1. Restricting attention to segment 164-180, does a residue exist that is within 21 Å of residue 239 (Cα to Cα), touching a Lys or Arg at 6+ places or on another chain (Cβ under 9 Å) and not in a helix (DSSP H, G or I)?
2. Restricting the first residue to segment 129-153 and requiring it to be over 15 Å from residue 224 (Cβ atoms), which pairs with a second residue that is hydroxyl-bearing (Ser, Thr, Tyr) and not in a helix (DSSP H, G or I) meet a Cβ separation below 9 Å and a spacing of at least six or different chains?
3. Among the residues of segment 136-151 satisfying the criterion of being open to solvent by 10 Å² or more (accessible area, probe 1.4 Å) and of a type in the set (Val, Ile, Thr), which is modelled with the highest pLDDT?
4. Considering segment 98-148 alone, what residues qualify as being under 22 Å from residue 3 (Cβ atoms), touching a helix residue (DSSP H, G or I) at 6+ places or on another chain (Cβ under 6 Å) and among the polar types (S, T, N, Q)?
5. Could we say that residue 123 is open to solvent by 20 Å² or more (accessible area, probe 1.4 Å), in a loop (DSSP other than H, G, I, E, B) and on the phi < 0 side of the Ramachandran plot here?
6. How many residues, within segment 174-202, are touching a residue at least 24 places away in the same chain (Cβ under 8 Å) and aromatic (Phe, Trp, Tyr)?
7. Got a number for residues in segment 194-230 being at positive phi and either touching a Cys at 6+ places or on another chain (Cβ under 9 Å) or crowded, with 19+ Cβ neighbours inside 10 Å (or both)?
8. Can you name the condition, by its number, that residue 89 falls short on among (1) over 14 Å from the mean Cα position of the chain (by Cα); (2) surrounded by fewer than 16 Cβ atoms within 10 Å (Cβ to Cβ); (3) over 30 Å from residue 239 (Cβ atoms); (4) among the aliphatic types (A, V, I, L, M)?
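The values are calculated or read from the model by the stated rules, or taken from the named source; none is laboratory data. This is a predicted model, so every value here is computed, not measured. Neighbour counts run over all protein chains shown; Cβ positions are idealised from the backbone, glycine included. Heads up: the accessible areas ignore ligands, DNA and RNA and are worked out on the full protein's heavy atoms, side chains in. Shrake-Rupley method; radii C 1.70, N 1.55, O 1.52, S 1.80 Å.
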Amino acid sequence: MRVRRVLAIAKKDIRIYYTKGPVLISGLLLPVFFFLAFTMGRDMAGTQLVAGLIGMTLWFTATSISPVIAPWETRDGTLERLVSAPITVVEILLGDIVASATISVIITGVATAILALVLDVSIANPVLIGVGLILAAIGFSALGVLLAAVPTDQTSNVMMLATLVKFSIIFVSGIFVPVADLPSWGRVVAYGSPLTYLVQTTKYGLGTGDSAIIWLVGLLFFFIITFSLAVSIHRKTLPKRL
């Protein structure tokens, strides 16, 4: 694998796809509306607010474009030119993930800094939060790439599936209700969500919560498993797109 090829794919994705509407709508507006909806009228600690905003912004941003890049390229006929080049499926998918993760980390970082300043919340361990953001960004982006493995050129088909997954996960991830306040069965469900790992890591980085090592390891394993599945399925479905 050549890093230059991966970066070339990422640069192409950022230039073409990340100026489109889904980033603004799904990556920015939805987190803002969700954040306002679950904070208005509730007496919540600043750390819980910041952790919730980080989780929602990164989740929606990282999964806004990565699921629809493959359908877009299939529809526009650019996928055929891409696969005819001396490049592997792994490099193509990694390029998509790098582009998605880069944009999501930048947007989330800016939003977090602004909210922390407004709420006067100190970040006890910015390095830990940064590592958590990067691991979560590549993991969430890999999930979007996995959802894009559906062999179709209609973005609506993929977005329906992506919306179902995104909204199902966000409501069981300890964002709206802390995991510690959930019943036993709710905690089991929450620990099955990768978004929970990011929220818990962020809380620890803000000076609260449990040890972050287990959550960081969980995010890393989520990326490895999701990316492996994405590569395997894309290799099977790619011929159906051509």
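1. no
2. Every condition considered, the pairs that remain are 144/63; 144/64; 144/66; 147/63; 147/66; 148/66.
3. The first filter runs over segment 136-151 and keeps only residues open to solvent by 10 Å² or more (accessible area, probe 1.4 Å), leaving 138, 143, 146-147, 150-151.
Retained after the next criterion (residues that are of a type in the set (Val, Ile, Thr)): 138, 150.
Values: 138: 96, 150: 85.
Taking the candidates together, the pick is 138.
4. Passing the criteria: 100, 104, 141.
5. Criteria met by residue 123.
6. Residues flagged as touching a residue at least 24 places away in the same chain (Cβ under 8 Å) and aromatic (Phe, Trp, Tyr) within segment 174-202 amount to 2.
7. Of the residues in segment 194-230, the ones at positive phi are 207, 209.
Still in the running and either touching a Cys at 6+ places or on another chain (Cβ under 9 Å) or crowded, with 19+ Cβ neighbours inside 10 Å (or both): 209.
So the count comes out to 1.
8. All conditions are met except number (3).
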